[in-house]
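The values are calculated or read from the model by the stated rules, or taken from the named source; none is laboratory data. The model shown is predicted, which means the values in this text are computed figures rather than measured ones. Glycine also receives a Cβ, built like all others from the backbone with ideal geometry; neighbour counts cover every protein chain displayed.
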Amino acid sequence: MRRFGFFLLCMLFATVTAAIHAQAVHSGVGHQFSITTGGIGSIFQPDFAGEWPPPNYYPAAQASSKPLFGLGAYVDVRLSRWVQLEGEARWMRFNQYESIHQDNYLIGPKLPVCHFGRSNVYAKTLVGFSNMNFYGAPGYSGRFTDVAFGGGMDMKLTKRISLRAVDVEYQYWPQWENSSLSPYGASVGIGYKIF
């Protein structure tokens, strides 16, 4: 919870700083530095169906018939055309089976692949951690390293508002209990360009 509070404080600081220093951008540098924040809705296959097979009774990675739904937020920082970063936080709390849910906190480089019309296609590689609850009991939860590979398409609707038409992600948790876990899913959302 402290990290989430710190994340929100950083977002607030970035927003206030942007508002204080807001001014017209010269046409020669208009396509350089920018920050876009947004909200997303996601659907993910958690790769855990609640199975604890004998003889060891460790949780087993297995596709679930109950996908998780959730909400999240993202921040895109564009330093130049080829140097971009994305940070995202996602809370997958809806449609839980056996109280299984996952939260992701990731950051990493974002690479523009192509641009056509008002649309930008991108690829990304993010790293961070995910929290997962296996069941309702606190003893069945943990924090795990998360590496995510993905991409998507943003469509510019107005000068400041963009539609995240699709964002797909494949995550790899290298050390999940006694094996690994590979959740995957897709998101859609809306973004606002701060500056």
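Of the listed requirements (1) modelled with pLDDT under 95; (2) surrounded by fewer than 18 Cβ atoms within 10 Å (Cβ to Cβ); (3) of a type outside the set (Val, Ile, Thr); (4) more than 18 Å from residue 186 (Cα to Cα), residue 59 misses just one: (2).
Would it be correct to say that residue 48 is under 16 Å from residue 185 (Cβ atoms), crowded, with 18+ Cβ neighbours inside 10 Å and at pLDDT below 85? First the steps, then the outcome.
Values: under 16 Å from residue 185 (Cβ atoms): yes; crowded, with 18+ Cβ neighbours inside 10 Å: yes; at pLDDT below 85: yes.
Yes, satisfied.
For region 174-195, the set of residues classified as modelled with pLDDT of 90 or more and outside any loop (DSSP other than H, G, I, E, B) consists of 184, 185, 186, 187, 188, 189, 190, 191, 192, 193, listed by residue number.
Might you let me know whether region 90-101 holds any residue that is over 24 Å from residue 68 (Cβ atoms) and part of a strand (DSSP E or B)? No. Just a yes or no: is a residue in region 146-167 without any contact (Cβ under 8 Å) to a residue 24 or more places away in the chain, in a strand (DSSP E or B) and either in contact with a helix residue (DSSP H, G or I) (Cβ under 7 Å, 6 or more places away or on another chain) or closer than 15 Å to residue 40 by Cβ (or both)? Checking region 146-167: at least one residue is without any contact (Cβ under 8 Å) to a residue 24 or more places away in the chain, in a strand (DSSP E or B) and either in contact with a helix residue (DSSP H, G or I) (Cβ under 7 Å, 6 or more places away or on another chain) or closer than 15 Å to residue 40 by Cβ (or both).
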